[in-house]
Amino acid sequence: MISPPDARPNQAQVDYWNATAGETWARFQDQLDRQIAPLGAAAIQALSPGVGEQLIDIGCGCGQTTLDLAGRVGPQGRVVGVDISRPMLEVARRRAGAAAALTADFREADVQAADLGGSVFDAAFSRFGVMFFSDPVAAFANLKRSLKPDGRLAFVCWRSFAENPWMGTPLAAALPFIPPPPPMDPLAPGPFAFADADRVRAILTGAGFSAIDIRPHDTQIGSGDVEQTLQLAFRVGPLGAILREDPSRADVIADAVRRVLETHLTPDGVMMPAAVWIVTARRA
């Protein structure tokens with residue numbers, strides 16, 4: 001049984017994902033799932049979940065990957081989705097209720113601090129949920145303790161901001177009209193905290209994982225047509241963060257961002273390059 005959350009080590013992230021960010025992801029879950037689903041699918045393929053396995057989904061958000069994994073392990077297995085965001089977990093539980101045939105549970109807990117149990121899970125998975133720990137070595141060491149001997153780990157995380165035009169292109173179009181965002185701290189908890197593969201390897205090694213494999217994966221992703229993509233860019237990522245501070249700038253930059261999105265319009269909607277790491281490892 002996973003203990004109740006001890007939020008103190010990651011209080012800033014807990015506050016962030018239970019306020020505007022979590023509410024935004026819950027509101028736009030359909031678009032966001034559509035956008036990153038291909039990247040999560042690549043990581044699930046690397047994990048290769050088996051029928052009857054017990055899995056934990058770290059940073060499960062609104063539950064898409066948890067339910068996908070539950071379908072793969074079947075009724076003989078079980079998947080526990082863990083997140084710190086109450087708004088997103090509420091969506092996940094509603095989705096699970098509509099898919100009653102799947103064996104999935106959702107828990108509000110901080111993986112860095114919570115008691116996840118000892119040698120409980122066959123494997124751990126995450127789709128962009130492991131880059132937000134204040135002490136990633138401690139978080140992965142805690143996760144490792146919850147895995148059975150030789151338990152598996154697979155996750156997907158972003159490579160550098162520069163390699164991800166899906167996020168950088170709308171911001172670049174807006175920059176002539178807005179103050180530049182502050183420089184990113186490459187080691188701070190956040191979406192690009194695991195952009196350096198050597199750092200990821202060192203974290204996992206320090207946490208007690210072995211057989212570490214970190215592979216680049218590139219594809220095109222999108223969340224909808226031009227207007228849908230525009231509205232999402234205004235609410236998530238670095239441009240969304242700027243507009244949360246000053247929403248009045250949205251009208252000023254809308255035409256410029258819309259024009260650049262139109263150059264990426266395809267029959268499948270606006271599609272832009274995304275670059276990630278697919279990471280796998282085993283409990284040492």
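Brief remarks on what is shown
- Conditions (1) free of Cβ contacts under 8 Å to residues at least 40 places away in the same chain; (2) part of a strand (DSSP E or B); (3) of a type in the set (D, E, K, R); number of the one not met by Arg282: (1)
- Boolean, Thr24 is closer than 24 Å to Ala123 by Cβ and either in contact with a helix residue (DSSP H, G or I) (Cβ under 9 Å, 6 or more places away or on another chain) or part of a loop (DSSP other than H, G, I, E, B) (or both): no
A quick yes/no check of all residues on (1) surrounded by fewer than 16 Cβ atoms within 10 Å (Cβ to Cβ); (2) more than 28 Å from Ala207 (Cα to Cα):
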residue	(1), (2)
Gln31	no, yes
Ala92	no, yes
Ala99	yes, yes
Phe106	no, no
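- Test: residue in the stretch 69-90 that is in contact (Cβ under 8 Å) with a residue 60 or more places away in the chain, crowded, with 20+ Cβ neighbours inside 10 Å, assigned to a loop (DSSP other than H, G, I, E, B) and out of contact with any His (no Cβ under 9 Å at 6 or more places or on another chain): yes
- If you filter the stretch 8-21 down to residues that are over 18 Å from Glu90 (Cα atoms) and surrounded by fewer than 20 Cβ atoms within 10 Å (Cβ to Cβ), you find that the one that is modelled with the lowest pLDDT is Arg8.
- Among the residues of the stretch 91-131, those that are more than 15 Å from Arg145 (Cα to Cα), in a loop (DSSP other than H, G, I, E, B) and modelled with pLDDT under 95 comprise Ala98, Ala99, Ala100, Ala101, Leu102, Thr103.
To keep it simple, each residue is scored yes or no on (1) among the hydrophobic types (A, V, I, L, M, F, W, C); (2) on the phi > 0 side of the Ramachandran plot; (3) part of a loop (DSSP other than H, G, I, E, B).
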site: Phe194; (1), (2), (3): yes, no, yes
site: Ile214; (1), (2), (3): yes, no, no
site: His217; (1), (2), (3): no, no, no
site: Gln220; (1), (2), (3): no, no, no
site: Gly224; (1), (2), (3): no, yes, yes
site: Val252; (1), (2), (3): yes, no, no
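- Looking across the stretch 70-89, the residues that are in contact with a strand residue (DSSP E or B) (Cβ under 9 Å, 6 or more places away or on another chain) and under 23 Å from Arg27 (Cα atoms) come down to Val80, Gly81, Val82, Asp83, Ile84, Ser85, Arg86, Leu89.
- Among residues of the stretch 231-242 that are at pLDDT 90 or above, those with a beta-carbon under 7 Å from a residue that is buried (at least 21 other Cβ atoms within 10 Å of the Cβ) and assigned to a loop (DSSP other than H, G, I, E, B) at least six positions away or on a different chain give the pairs Leu232/Ser223; Gly240/Phe234.
The values are calculated or read from the model by the stated rules, or taken from the named source; none is laboratory data. In this text, all values refer to a predicted model and were calculated from it rather than measured experimentally. FYI the Cβ positions are ideal-geometry reconstructions off the backbone, even for glycines, and counts take in every protein chain you see.
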